[in-house]
Amino acid sequence: MGRVLIVDDSQDLRFVLANIVRKEGYRALEAGTGAEAVEVLGKHVVSLVYLDIGLPDMDGIDLITEIRETAPDTEIVMLTGRDDADSAVRSLKAGAIDYILKPFDIIEFKNSLSRIMKGRKAAQLRTLDGRLKGIAEIIGESRPVKELRKTIRAAGTVASPVLITGETGTGKELVARAIHEQTAKRGGVFVKVDCGTLAAQVVESELFGHEKGAFTDAHIAKTGLVEIADGGTLFLDEITNLPLSLQPVLLRLIEDGVFRRVGGVKDITVDVRIIAASNLEIVNEVRKGNFRDDLYYRLNVIPVNVPPLRERGRDVLLLANHFLSLYSQEMQKNIKGLSPESEEMFLACQWPGNVRELKNLLEREVLFASSQWISVKGKNGRKSKPVLSGGENMELLSLKEMEKQYINKVLEAAHQNKTRAAKILGISRTTLREKIS
């Protein structure tokens, strides 16, 4: 749920517009002067500002520059009674995205509000790869999965923090997205932060943003991921990798809903639901001194454990059929399913990599499949690596030459699609390009 700031010296107009904003499902903030507007923007994450051009203490157009520095991602629409092209051009050049000429009717204002706020939401989802997946995407009929769905539905009825635990590859992010979709915040964005991939020296700036001049390269103010998640869900994956120095900052965000940008002196208020995940036993990390106990207790209000695939019985076959159908359609192949022998192997396999291992295996199998039935060979259902043809009489080659031949084989199977080939090989597209150049 985004915030909209109405800046106008007319209290009656502010009252009317703020009521419309609330009825449309957004939070409304008000300011009667430029100074009040700057103060509000320093304390709250605001999506959109409707700014009167003629304020008691300053020209509204001059205020645009200050808003741009304080809140660079905030959209600005001018409200003006001056029916002249010069004011409109100056407003747009200063950074406003539109202007509305007074007097205006309610329909015009509502259309402007709806267009801009929906456009921002769509842009955020595209930027964040916000392909939200609900509870229906959690496939399985085993008792552990039924219990998991029950917990997800319960977690969706409140806004308390959630701590998801489970082995690597079990689908913790999918569970987090399902919880988000069950909550009242499903209209907001789902922002994922992988704490394990952010360098310690930049993690604070990425999460909380920074003010202009906060450090050497901070030439402009930057909005952090916490601000982007305002009105939605912030998913902190691999939470145990969060530096100890930042854990009190996160604790304050959870308890009070406020934070400061790097280099900032003002508290910023946000409304965000925190979901964290880890594949480690966090209690052990607390004992080792790597994780604050107060943060652990605050996150663990709603504990959710995602079961490993080996404990889900015949769910492995349901998942296998789902992935076979998905990749068959994607690769335009007519795959009917697993052979009976492969089904037995899948049920016996321990799947240390869980659902991710199963998914990656079946993607490769469909890619290289030459028949309608997938037959996986290997001890205990574990797939041996694809090898070059030739068997025992195969010519002995250097490791580099074998790598080159295997890459070419994958490229051929992927119909020269370098993105897909890189994914199968487990390397980046850039690395693939370097290896075949």
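The values are calculated or read from the model by the stated rules, or taken from the named source; none is laboratory data. Since this is a predicted model, take the numbers as computed values, not measurements. Positions of Cβ are backbone-derived with ideal geometry, glycine not excepted, and every protein chain shown enters the neighbour counts. Side chains are part of the model used for accessible areas, which takes the heavy atoms of the whole protein and leaves out ligands, DNA and RNA. Shrake-Rupley method; radii C 1.70, N 1.55, O 1.52, S 1.80 Å.
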Every residue from the range 305-340 that is touching a residue at least 60 places away in the same chain (Cβ under 8 Å) and on the phi < 0 side of the Ramachandran plot: N305, V306, P307, P308, L309, E311, R312, R314, D315, L318, L319, H322
Hits in the range 36-72 - residues which are open to solvent by less than 60 Å² (accessible area, probe 1.4 Å) and either in a helix (DSSP H, G or I) or of a type in the set (K, R) (or both): A37, V38, V40, L41, G42, G60, I61, L63, I64, I67, T70
Number of positions in the range 348-380 that are part of a helix (DSSP H, G or I) and in contact with a Leu (Cβ under 7 Å, 6 or more places away or on another chain): 5
Any hit, the range 33-51, residues being over 35 Å from the mean Cα position of the chain (by Cα) and of a type in the set (V, I, T): yes
Index of the failed condition, R68 passing every other in (1) in contact (Cβ under 8 Å) with a residue 40 or more places away in the chain; (2) within 23 Å of H210 (Cβ to Cβ): (1)
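Yes/no matrix, rows are residues, columns are (1) closer than 25 Å to T233 by Cβ; (2) at pLDDT 90 or above; (3) of a type outside the set (V, I, T):
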| position | (1), (2), (3) |
| --- | --- |
| R3 | yes, no, yes |
| Q11 | no, yes, yes |
| F15 | no, yes, yes |
| D62 | no, no, yes |
| P72 | yes, no, yes |
| V77 | no, yes, no |
| R90 | no, no, yes |
All positions within the range 157-202 that are among the basic types (K, R) and either closer than 25 Å to L358 by Cα or touching a Cys at 6+ places or on another chain (Cβ under 8 Å) (or both): K172, R177, K192
Selection within the range 304-335 - touching a strand residue (DSSP E or B) at 6+ places or on another chain (Cβ under 7 Å) and assigned to a helix (DSSP H, G or I): A320, N321, L324
Pair list, Cβ under 6 Å, 6 or more apart: the range 150-171 residue closer than 8 Å to V304 by Cβ and in contact (Cβ under 8 Å) with a residue 60 or more places away in the chain, other residue open to solvent by 60 Å² or more (accessible area, probe 1.4 Å) and outside any loop (DSSP other than H, G, I, E, B): L163/P303; T165/N305
Pairs where the first residue, in the range 215-231, is more than 11 Å from F190 (Cα to Cα) and the second is of a type in the set (K, R) and modelled with pLDDT of 85 or more, C-beta under 7 Å, 6+ apart: G224/R261
Selected residue [closer than 23 Å to D271 by Cα, out of contact with any Asp or Glu (no Cβ under 9 Å at 6 or more places or on another chain) and of a type outside the set (A, V, I, L, M)] from E39, E66: E39
Selection within the range 74-87 - open to solvent by 10 Å² or more (accessible area, probe 1.4 Å) and in contact with a strand residue (DSSP E or B) (Cβ under 9 Å, 6 or more places away or on another chain): E75, G81, R82, D83
Residues (open to solvent by less than 60 Å² (accessible area, probe 1.4 Å) and either at pLDDT below 80 or within 19 Å of Y26 (Cα to Cα) (or both)) located in the range 92-120: F109, S112, L113, S114, I116, M117, G119, R120
Filter result (touching a strand residue (DSSP E or B) at 6+ places or on another chain (Cβ under 8 Å) and surrounded by 14 or more Cβ atoms within 10 Å (Cβ to Cβ)) within the range 16-31: L17, A18, V21, Y26, R27, A28, L29, E30, A31
Residue match in the range 133-150 (condition: modelled with pLDDT of 85 or more, of a type in the set (S, T, N, Q) and either assigned to a loop (DSSP other than H, G, I, E, B) or within 21 Å of E227 (Cβ to Cβ) (or both)): yes
Search result, residues across the range 17-56 that are within 13 Å of L79 (Cβ to Cβ), among the hydrophobic types (A, V, I, L, M, F, W, C) and without any contact (Cβ under 8 Å) to a residue 60 or more places away in the chain: A31, A37, V49, L51, I53, L55
E341 vs. criteria at pLDDT 90 or above and open to solvent by 70 Å² or more (accessible area, probe 1.4 Å): no
Residues located in the range 285-316, provided they are of a type in the set (A, V, I, L, M, F, W, C) and out of contact with any helix residue (DSSP H, G or I) (no Cβ under 6 Å at 6 or more places or on another chain): L299, V301
Neighbours by Cβ (under 8 Å, 6+ apart or cross-chain): first from the range 268-289, over 30 Å from L41 (Cα atoms); second among the basic types (K, R) and open to solvent by 40 Å² or more (accessible area, probe 1.4 Å): V286/R292
Single residue of the range 412-437 satisfying the filter (of a type in the set (A, V, I, L, M) and either in contact with a Ser or Thr (Cβ under 9 Å, 6 or more places away or on another chain) or over 14 Å from R364 (Cβ atoms) (or both)) that is surrounded by the most Cβ atoms within 10 Å (Cβ to Cβ): A422
Residues located in the range 254-266, provided they are assigned to a loop (DSSP other than H, G, I, E, B) and either small (G, A, S) or open to solvent by 50 Å² or more (accessible area, probe 1.4 Å) (or both): G257, R260, G263, G264, V265, K266
